[in-house]
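Have a look at the structure below before the remarks.
The values are calculated or read from the model by the stated rules, or taken from the named source; none is laboratory data. Note that the coordinates shown come from a computational prediction; the quantities given were computed from them, not determined experimentally. Don't worry about glycine lacking a Cβ; one is built from the backbone with ideal geometry, like all the others, and counts go over all protein chains shown.
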Amino acid sequence: MKKTLGVLIVAALLLGVVGCQQPAPKEWTIPFLNSLTGAIASIGEYLEWGAERAAKEINDAGGIKGKPVKIVGVDTALDPQKGSTEMARLVKDTLVALGPVPEPVIMAAMPIAVENGMPSLTATTSLEYAQKFFPWTVSWFPSTQDRLAPLVAAWGKQFPDMKQVVQFVENYGPWPGMADAHAAGLEGLGIKMLDKVEVPSDAVTFGPLVVKALSEKPDGVVFVCKPASAAKLIKELKNRGWKKMDHLLLFSSADAPDLYSTGGKDLNGAEIYNYINPGLDSPRWNAFKQAYAESHNGEQPPSLSTNYYDAVYMIKDAIEKTGVTGSPSKLKAERKMIADYLQNAKGFHGIMFDWDMKDGVPTNKPTFIFKVQDSQKVLVQEIK
C-alpha cells in the first residue's frame with residue numbers, strides 16, 4: 001500500500017512539472033488593436049490589410065521559424081475606454097501586439113502595455129506620442145520637426161513667388177504639431193505664416209473657412225485635416241478663383257481614398273507629401289500594389305498602408321534573430337528580448353527601403369513630394 005501511494009505521489013509531482021512547462025504555441029498570434037469601426041474605419045481597414053498581407057507572404061514562405069503567423073484584429077472603435085479594456089485582456093498572455101490606433105487610444109491603452117512589459121508597435125503615430133512608451137514600442141518616424149520642416153521647405157523652394165502661406169488645421173492628435181513643423185520649415189525660407197484657419201472635425205460647410213483664409217491674401221495653402229475636408233476646401237478655393245494648384249500642399253494623412261473620391265479632377269496639380277513612393281519599381285512593392293488594387297477597386301495603396309506590413313516583418317526579424325520560442329513559461333523574458341531588439345534593429349528590409357533603428361527611432365527614411373494627377377501621384381522630388 002505504501003509503495004502504491006509513493007508511486008502515485010511521484011506521478012502527481014511529475015504531472016505538475018509537466019503541466020507547468022506549457023508547450024510553445026503552434027502558431028504566432030499577433031493581436032492588432034485597431035479602429036475597425038467608427039470615424040476612421042476606412043483607415044483601420046487598410047492598416048489591417050497591410051498587416052494581413054505581410055502575414056500571408058510570411059506564411060507562403062514557410063512562416064516564422066516554421067510556424068504560421070496569424071493577425072487578429074481587435075476593434076477599439078476609436079474608444080479609449082474600449083482600447084484600455086482590450087489591452088488589459090491582451091497583456092495577460094500576448095507575446096507582442098500591433099497598435100493601438102489612433103492617438104487617443106494609444107494614450108489610454110499603452111500605459112497598460114508598459115506596466116506589464118509587453119511590446120506593442122504603434123506604427124502610425126508621431127515620435128512625440130510613441131517615445132512616452134519606449135522601450136515597449138518604437139517610432140516609425142523621427143521627430144515631427146526633423147521630418148517635416150525640411151520636407152515642406154523643399155515644397156516652398158519650388159516657388160519664389162510664394163511670400164505668405166495659410167494652413168487649414170484640424171485639432172486632432174498630432175496634426176497641430178505637424179502644422180507647427182510646416183510653419184518652421186517655411187519661415188526658414190522667409191515665408192510669412194498667416195493665422196491658421198481651424199477646421200472643425202464635424203464641419204459640413206467649408207465656404208466660410210475658405211473666405212476667411214482668402215481674406216489674408218495667401219500665396220500658398222497647406223491642408224492639415226481629414227481627406228474629405230481637404231478635398232472640399234480645395235473645391236471651394238477653386239470656386240472662388242484659386243488658380244495656382246501647385247501652391248496647394250496636402251499633408252500625408254490626407255492621402256486616402258476619401259480625398260480622391262471627393263476631390264476628383266479638382267485636385268489635379270495640387271501637391272502632396274508622403275512616406276512611400278507608389279512609383280517604386282521592385283518585385284515586392286509591385287506585388288503589394290497589385291494585390292491592394294485588386295482588393296480595393298483599383299486604388300493605389302495609401303500613405304500608411306505599408307506601416308503595419310513592415311511592423312509584422314520587423315516582429316518576424318525579432319523572433320528569428322533573438323531565439324524567442326513563444327513558450328508561455330518564458331513570456332516575460334521573451335517580451336523583453338523582442339523590445340530590446342526592436343529599439344536598435346539594423347538593416348531592416350522594409351517594403352519601400354531599408355533603415356536602421358537607434359534607440360527606438362528610425363535614422364534614414366526618405367520622404368517624397370508628389371503632384372496629384374487624375375487621382376494618381378506623380379513624383380516631384382525625394383527628400384532624404
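Of all residues in region 333-384, those being more than 21 Å from Ser143 (Cβ to Cβ), basic (Lys, Arg) and either in contact with a Gly (Cβ under 6 Å, 6 or more places away or on another chain) or at pLDDT below 95 (or both) number 2.
Among the candidates Ala256, Ala228, Ala184, Ala203, the residue that is in contact (Cβ under 8 Å) with a residue 12 or more places away in the chain and crowded, with 21+ Cβ neighbours inside 10 Å is uniquely Ala256. Of the residues making up region 312-343, those that are touching a strand residue (DSSP E or B) at 6+ places or on another chain (Cβ under 8 Å) and not in a loop (DSSP other than H, G, I, E, B) are Val312, Tyr313, Met314, Ile315, Lys316, Asp317, Ile319, Glu320, Leu342, Gln343.
Here Tyr308, Tyr273, Tyr292 are screened, and the one residue that is surrounded by 19 or more Cβ atoms within 10 Å (Cβ to Cβ), over 22 Å from Ala61 (Cβ atoms), touching a residue at least 60 places away in the same chain (Cβ under 8 Å) and of a type in the set (Phe, Trp, Tyr) is Tyr273.
Each row is one residue, and each column tells you yes or no for (1) in a loop (DSSP other than H, G, I, E, B); (2) at pLDDT 95 or above; (3) within 18 Å of Ile272 (Cα to Cα).
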residue	(1), (2), (3)
Trp136	yes, yes, no
Trp155	no, yes, yes
Asp161	yes, yes, no
Val166	no, yes, yes
Tyr172	yes, no, no
Leu189	yes, yes, no
Asp202	yes, no, no
Val211	no, yes, no
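Taking Gly350, is it more than 26 Å from Ile43 (Cβ to Cβ), surrounded by fewer than 21 Cβ atoms within 10 Å (Cβ to Cβ) and of a type in the set (Gly, Ala, Ser)? For Gly350, the condition - more than 26 Å from Ile43 (Cβ to Cβ), surrounded by fewer than 21 Cβ atoms within 10 Å (Cβ to Cβ) and of a type in the set (Gly, Ala, Ser) - is not met. Of everything listed in (1) surrounded by 23 or more Cβ atoms within 10 Å (Cβ to Cβ); (2) assigned to a helix (DSSP H, G or I), the single unmet condition for Lys132 is (1).
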